[in-house]
Amino acid sequence: MKIFGGCLVAAILALVMTAASAAPAPARAATGDPAAAQIDAFDASLIQVMKDARSLGVQGRYRRFQPIVERAYDIPTMIRFAVGPSWSTMTAAQQQALAAAFARLTAASYAHNFDGYSGEHFTIDPVATRGPDKVVTTHLVSPGSAPVTIAYRMRDAGGAWKIIDVFYNGSISQLTTRRADFAASLAQGGAPALLAHLNQLVDSQLK
């Protein structure tokens with residue numbers, strides 16, 4: 001398994017199910033909160049894909065992750081922030097195409113990075129509130145390795161709490177990183193150039 005170290009969507013790219021049920025009791029202590037419950041379900045799905053990773057292959061993992069990402073991530077909010085001010089100048093068709101490509105990139109990043117299972121499980125910390133948002137912090141615990149901390153900033157999107165940003169091991173946000181990456185493509189050729197860039201990133205993750 002490869003951890004995205006600052007990209008997710010990336011990822012970012014979360015997760016606690018059959019194997020995670022063997023984790024210590026505090027791992028599930030925060031799941032009464034709806035935001036934590038969303039991440040708990042995401043973690044469960046991630047663990048299951050990791051268990052099936054080798055038989056699925058990268059393309060199979062990608063297909064499995066697509067609906068998981070759709071349920072857990074607020075892609076429209078994320079791509080709007082990552083694009084920045086020029087978002088409002090784009091046509092509706094361009095916005096929809098970029099959102100779809102960003103969703104594909106998120107799923108592809110998970111498929112590329114979570115490529116095996118070695119007894120990992122997740123724990124979840126108590127939920128923190130940040131204005132209208134909540135932060136759900138998880139720890140990916142791997143036998144013989146230091147835990148990897150993944151924090152999800154979440155927002156109520158029409159009655160469902162969804163991920164709007166991801167932080168790995170206290171690093172800067174995924175969206176901040178993406179915004180800096182997208183700026184060059186936008187400056188060179190606007191929405192068409194960014195769409196081509198996103199599609200190239202997807203292709204590179206699925207090789």
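The values are calculated or read from the model by the stated rules, or taken from the named source; none is laboratory data. Since the model is a prediction, treat every value here as computed from it, not as a measurement. Note that each Cβ is placed from the backbone with ideal geometry, even for glycine, and that neighbours are counted across all protein chains shown. Heads up: the accessible areas ignore ligands, DNA and RNA and are worked out on the full protein's heavy atoms, side chains in. Shrake-Rupley method; radii C 1.70, N 1.55, O 1.52, S 1.80 Å.
Quick notes on this one:
- Scan of the stretch 100-120 for residues that are farther than 21 Å from residue 82 by Cα, open to solvent by less than 40 Å² (accessible area, probe 1.4 Å) and either outside any loop (DSSP other than H, G, I, E, B) or in contact with a Gly (Cβ under 8 Å, 6 or more places away or on another chain) (or both), ordered by number: 111, 113
- Checklist (1) modelled with pLDDT under 95; (2) open to solvent by 70 Å² or more (accessible area, probe 1.4 Å) applied to residue 148, failing item: (2)
Quick grid of which residues meet (1) modelled with pLDDT under 95; (2) open to solvent by 40 Å² or more (accessible area, probe 1.4 Å); (3) part of a helix (DSSP H, G or I):
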{"residue": "177", "(1), (2), (3)": "yes, yes, yes"}
{"residue": "182", "(1), (2), (3)": "no, no, yes"}
{"residue": "186", "(1), (2), (3)": "no, no, yes"}
{"residue": "191", "(1), (2), (3)": "no, no, yes"}
{"residue": "196", "(1), (2), (3)": "no, yes, yes"}
{"residue": "200", "(1), (2), (3)": "no, yes, yes"}
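- Output for the stretch 141-154, where each listed residue is on the phi < 0 side of the Ramachandran plot and more than 14 Å from the chain's Cα centre (by Cα): 141, 142, 143, 145, 146, 147, 148
- Residues being touching a helix residue (DSSP H, G or I) at 6+ places or on another chain (Cβ under 6 Å) and either within 21 Å of residue 136 (Cα to Cα) or not hydroxyl-bearing (Ser, Thr, Tyr) (or both) - total across the stretch 54-72: 8
- Matching entry among 133, 52 (being open to solvent by 10 Å² or more (accessible area, probe 1.4 Å) and over 16 Å from residue 206 (Cα atoms)): 52
Matching residues to (1) among the hydroxyl-bearing types (Ser, Thr, Tyr); (2) within 28 Å of residue 51 (Cα to Cα); (3) out of contact with any helix residue (DSSP H, G or I) (no Cβ under 7 Å at 6 or more places or on another chain):
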position: 136; (1), (2), (3): no, yes, no
position: 144; (1), (2), (3): no, yes, yes
position: 154; (1), (2), (3): no, yes, no
position: 174; (1), (2), (3): no, yes, yes
position: 188; (1), (2), (3): no, no, yes
position: 194; (1), (2), (3): no, no, no
position: 197; (1), (2), (3): no, no, no
position: 204; (1), (2), (3): yes, yes, yes
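- Against the list (1) touching an Asp or Glu at 6+ places or on another chain (Cβ under 8 Å); (2) at pLDDT 95 or above; (3) within 25 Å of residue 56 (Cβ to Cβ), the condition residue 142 fails is (2).
- Among the residues of the stretch 55-79, those identified as open to solvent by 70 Å² or more (accessible area, probe 1.4 Å) and within 20 Å of residue 158 (Cα to Cα) are 70, 71, 76.
- For the criterion of being part of a strand (DSSP E or B), closer than 23 Å to residue 35 by Cβ, out of contact with any helix residue (DSSP H, G or I) (no Cβ under 6 Å at 6 or more places or on another chain) and of a type outside the set (Asp, Glu), residue 129 passes.
- Some residue of the stretch 165-173 being part of a strand (DSSP E or B), open to solvent by less than 50 Å² (accessible area, probe 1.4 Å), in contact with an Asp or Glu (Cβ under 6 Å, 6 or more places away or on another chain) and modelled with pLDDT of 95 or more: no
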